[in-house]
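Presented below is the structure to which this report refers.
The values are calculated or read from the model by the stated rules, or taken from the named source; none is laboratory data. In this text, all values refer to a predicted model and were calculated from it rather than measured experimentally. Here the Cβ is made from the backbone with ideal geometry for all residues, glycine too, and neighbour counts use every protein chain on show.
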Amino acid sequence: MARRIVLSSDDGPSRSVENLTIDYRGDLNEQQFDAATTGSGPTLVIAGAGTGKTRTLIYRMAYLVETGTKPESVVLLTFTRRAAREMTSRAADLLDGRCQRVQGGTFHAFCLGVLRRHAPTIGFPRNFTVLDAADAGDVISVLRADGNYDQGEERFPQKRTLYSMFSAVINRQEPLDEVLARRYPQFSPLYDGLEQMRQDYQAYKKSHGMMDFDDLLYRTLELFAADDGVRREVAGRCRHVLVDEYQDTNALQAELVKQFASVHGNVMVVGDDAQSIYRFRGADFRNIFAFPEEFDDTQVLKLEQNYRSTQVILDLANHVIDNADRSYEKTLFSHRDVPDAELPAVVPAADGQMESRFVAQMILRLRESGVPLHEQAVLFRSSHNSYELETELNKRNIPFVKYGGMKLSEAAHIKDVLAHLKVAENPQDAAAWNRALQLIHGIGPKTAKSLIEWATNEADDPFVHTDNAPFSNRYISQLKKLLGTLRSIRDPDMPLVEQVESVIDYYRPIFEDEYYEDYPKREPDLDHFIGLSENYSSRRDFLSSLALDPIELTALDNDGEHEDEPPLVLSTIHSAKGLEFHTVFIIRALEGDLPSRYALREKGGVDEELRLFYVAVTRAEDNLFISYPMTQYRRYQGEYMTDPSRFIVDVPEDTLEPVQLVEETEAQEDDQPLLGGDTPAALGSGDSEQTSASAPKQLGDGSDSASRADTETSREYDPRDVDGLPF
């Protein structure tokens, strides 16, 4: 009888956890350990806020590699490339360099890689252009100018709205009439024209070698359907699929997960149904509930031990999410032992001005007690909710940064430069041609249209001036400079950074003329853009990278560095997801703001707003203040009484402590003690002296000016005695 040699499988762990390099049991809590070291097959990990899901995924990666899985066959799908890079880097630090070979990236980046190899199968060139949202809007503008879609008296949607409509059709997998009925009912009478434009938009992209973000996902699924051999090849390389933030996937991404796992069946998705807040981007939180139905024999695990917040903050979070119509049952409990932790507080203010004074004074008070500005955050539902507070912060010289700003590649001057690079990469890119041409004095939309027609359809070489080209003496000199620049940067031997510098050299006179009011302020962005290009070897990769993962913040978003201290954080709740702060203020907790009046019109909208509030609550580590103005002013209506958010009404006082604000003078006139149980919070006038955030006073100096600049609350301490603060 022949001797047998048994080959170990790459599908799952092949070594005992006790004999491994990493001490998984010692490094992880019991729930994390179970998730990180589970066997093969489908697994759903419900990870509550602050429970260490990232750490668990990192250890899962390391565990798979350490137990014999080839790192190249592990696929990590995230929603930002930065998250994927950090996870693979930390896994490599934990184990060894093999983890750097894990295929980590976004859904879009992974699909882009597949399509670059196989795009001809579905009728696209391999060097197709990736359109960001603004580029797609430009293409739609070109189509609209050429077509007769908006006949009739009804007002036709703007290009951004059109792109949002068409995007929803793809990423939600819904017909346009349903999208219109649910989200844009005012445009339902225009259905015929809109549907024709949508079809023309799809055809235009294909004929000009373009894909927008939704296409990267949709066309990958189309590719798999067209060629099952490609599907088997791609899925065969995905021995283990790991997905982060699964609650934020849309219909296409959920289907892609199924396709990637269709050969080996090993897939772990990690997410929290309670933190699904991106429905406006197409995310469908139902995916996380459907996962066990889509994958037979799914193992469902939970992470409930929170490492961020005090238990009293988690008690409020648990209370909030208990009111959701649908959720996975879980109860967050704190790893931190904080005796006498402060209850979350609800703070009604007489009006918006008083609310802003309270927040500003409390921020300064906390800062003087040792909580830096950057460890405090003010969160709100919509950007406009913070305008009154921003005025108050500026008055008190409190530095702040507001998140939710423009991306570098969305700034107009950077898009100008990008347009030239895109034309050089893909001469059929009509939208990029349109932007580059109309920067030239003497070329308007009509002339640009005829030049684009010549460049994309008639010219043998669009970068060479010929006698039969439709050129005019009005702009011929500048156009020759443009074509010469584009021709030179198409030299395959020219390094990318030199290409970018060449375009900017050509563009600089245009830039200074186009943005004459503030071009010195925009100039650092051009230098930053050149620096970014040094990290890439090819123009195609550079353009794809910027489209898929725009760089945050431009020089226009920051008026200089904050040299004295890192600033206070102001942020929409959506932008704060994944962050944490010592102290959190949630402002404008009103019906109509949180929940948003717009969300109330949509099915499931209230539940999404509830989850948004839950996300805001769980950003806080030690202190949480929830405030709202009791009166507001509306034009033509005058002052009116507001309604507090339904999410804070009827919450027990032992979970959410009520705080009363009174003016400091009123408290003194009433001769009320400043220590003790039911004392109202007293507000300083805030008008007598401004406190500079760059020059903190000595703690406990007892000065009158310090007391006037501080917030005084109803808890059992003298708010003017810094040493008495329990923070």
Checklist entry - What residue, among those in segment 113-148 that are crowded, with 17+ Cβ neighbours inside 10 Å and among the acidic types (D, E), is farthest from G229 (Cα to Cα)? => result D138
Item to check | Test: residue in segment 166-173 that is outside any helix (DSSP H, G or I) and under 27 Å from the mean Cα position of the chain (by Cα) | outcome: yes
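Every residue, every condition in (1) touching a helix residue (DSSP H, G or I) at 6+ places or on another chain (Cβ under 7 Å); (2) more than 25 Å from L661 (Cα to Cα); (3) acidic (D, E), yes or no:
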position	(1), (2), (3)
D337	no, yes, yes
V346	no, no, no
A349	yes, no, no
Q361	no, no, no
R367	yes, no, no
V378	yes, no, no
N385	no, no, no
I398	yes, no, no
Item to check | Flag if I504 is buried (at least 17 other Cβ atoms within 10 Å of the Cβ), assigned by the TED database to the domain that holds A432 and either closer than 22 Å to H413 by Cα or among the hydrophobic types (A, V, I, L, M, F, W, C) (or both) | outcome: yes
Checklist entry - Only one of (1) more than 29 Å from P125 (Cβ to Cβ); (2) without any contact (Cβ under 8 Å) to a residue 24 or more places away in the chain; (3) in a loop (DSSP other than H, G, I, E, B) fails for H441. Which number is that? => result (2)
Next on the checklist: Can you find a residue that is surrounded by 16 or more Cβ atoms within 10 Å (Cβ to Cβ), under 29 Å from the mean Cα position of the chain (by Cα) and at positive phi anywhere in segment 197-209?
Outcome noted: yes
Checklist entry - Of all the residues that make up segment 491-517, how many are within 18 Å of L479 (Cβ to Cβ) and of a type in the set (V, I, T)? => result 2
Checklist entry - Yes or no: V320 closer than 16 Å to N306 by Cβ, aliphatic (A, V, I, L, M), surrounded by fewer than 20 Cβ atoms within 10 Å (Cβ to Cβ) and assigned by the TED database to the domain that holds Y628? => result no
